[in-house]
Amino acid sequence: MGALDSAVRAIASMRVRGAGRIARCAAEALGRHATTLHSNNVAAFRREMKAAAKKLIDARPTAVSLSNAVGLVMRAMPRKGTVEGARKAIVCASREFCKASDSAVEKVGEKGAGLVPTSGKVMTICNSSAVVSVLVHAGKAGKGFEAYACETRPKFQGRITARELARNGVPTTIIVDSASRYLFDGVKAVFVGADAVEWDGSVVNKIGTLQLAACARDFKVPFYVCAESYKFCPPSQAGARRPIEERDPREVASIPGVRVRNPVFDRTPPEMIARIITEHGAIRPRDTEIYVGKHLEGL
Ligand code: RUB
């Protein structure tokens, strides 16, 4: 199987998962795919690259990071000139995206660490590399909080978070998702990742995020979203909602005669979010349009 199809399969099957990782995987795959093409001219090369880009974007529907990464790499491709020139442009843009993405996750960690409380519990859900970056930076800065990771049914990504935090010296407890409210006493802040930040500052993230936001609202503690710039929906999607992926019901249960639903993301409205922490600093959800205008222009 070629580099492209194996990336598409890895993303669709969730062997590679998380909005940042799938974005980098897609960007890398475009770079590798470009090196395998034997197109006769730039027009043919562009056609083949466009078909590859569509396959990658279609691999998972919700994370806007995927289409943003593909868009950022593809827009580097010239309309004219030689095939070699176009190939080089794609390879170079692919490397640049991955480098910028890694550095953005690091910067979100640095900027977000200041918002982590010095004691008490911090709750999170799923596995977000941006959240892990924030909590690990805060732990290294000597903050004495304890992380509570919701295990995240049905795929248990919370276990990855728990392992990553523990490996980095952050005291960590794992709980079933339904224990989050019962154990919320003592939580000083919630940190979650994002698959998409919509034009009005609504955040689409792993199913169960909205429940944590409701707990945070009821207990009057801040609810923070950690999201690099390429998790924001571009200006071309203003006014539109991201589709919410529903995966194979068998990931949840197979019971004869029973319908199973498996929505894997939910949407948290802007009024429930204290700040969105980006690599450029923490913004208020209501400033999303301004932020997008500045950092995602042309996508
Ligand atoms: C992953 C998920 C993560 C975001 C952000 O869902 O909801 O919170 O993608 O992750 P899934 P990151 O496991 O279904 O892909 O901060 O690593 O980009």
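None of the figures in this text is laboratory data; all of them are computed from the coordinates on show. Keep in mind that this is a model prediction, so the values were computed, not measured. As a convention, Cβ positions derive from the backbone with ideal geometry for all residues, glycine included, and neighbour counts pool all protein chains shown.
Data overview
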read-out	value
Dipole of the chain, positive direction: furthest Cα of Q237, I175, I57, with charges on the beta-carbon	I57
Residues of the range 272-298 with amide N under 18 Å of a point placed 7 Å along Cα→Cβ from A141	274-284
Proximal aspartates and glutamates to K155, defined as alpha-carbon separation beneath 17 angstrom and excluding residues fewer than eight positions away on the same chain	E164, D177, D195, E245, E246, D248, E251, D266
Kirkwood-Stokes translational diffusion coefficient of the range 11-141, alpha-carbon pairs, 10 °C, 1.306 mPa s, µm²/s	98 µm²/s
Global geometry of the chain, whether rounded, prolate or oblate, following the gyration tensor of its Cα atoms and the 1.5 cut on a/c	prolate
Magnitude of the charge dipole, the chain, Cβ model with Lys/Arg +1 and Asp/Glu -1, debye to 20	560 debye
Listed peptides 111-117, 97-103 by packing density, highest first (mean Cβ within 10 Å)	111-117, 97-103
Those aspartates and glutamates that a straight Cα-Cα span of less than 13 Å connects to K111, excepting residues fewer than 8 apart in one chain	E228, E279
Helical mean residue ellipticity (222 nm; -39500 (n - 2.57) per DSSP H run of 4+; nearest 500) of the chain	-13500 deg cm²/dmol
Dmax and Rg, reported as Rg then Dmax, of the range 149-299 (C-alpha, Å)	16.5, 52
Whole-number percent relative contact order across the range 108-295, with pairs defined as alpha carbons under 8 Å at least 6 apart	22 percent
Bridge type composition, the chain - antiparallel percent by DSSP, nearest 5	35 percent
Electrostatic dipole magnitude of the range 174-218 [Cβ: Lys, Arg +1; Asp, Glu -1; Cα centre; debye, to 20]	160 debye
Kirkwood-Stokes translational diffusion coefficient of the range 107-238, alpha-carbon pairs, 25 °C, 0.890 mPa s, µm²/s	168 µm²/s
Rg and Dmax [Cα atoms of the range 69-179; Å; Rg one decimal, Dmax integer]	18.9, 59
³J(HN,Hα) computed for each position of the range 172-178 - Karplus, 6.51 cos²θ - 1.76 cosθ + 1.60, integer Hz, glycine/proline x	9, 10, 10, 9, 6, 4, 6
Computed lengthening from R15 to E289, 0.36 nm per intervening residue step minus Cα-Cα distance	95.4 nm
Listed residues A86, A253, A76, most fluctuating in the chain (Gaussian network, C-alpha, under 10 Å)	A253
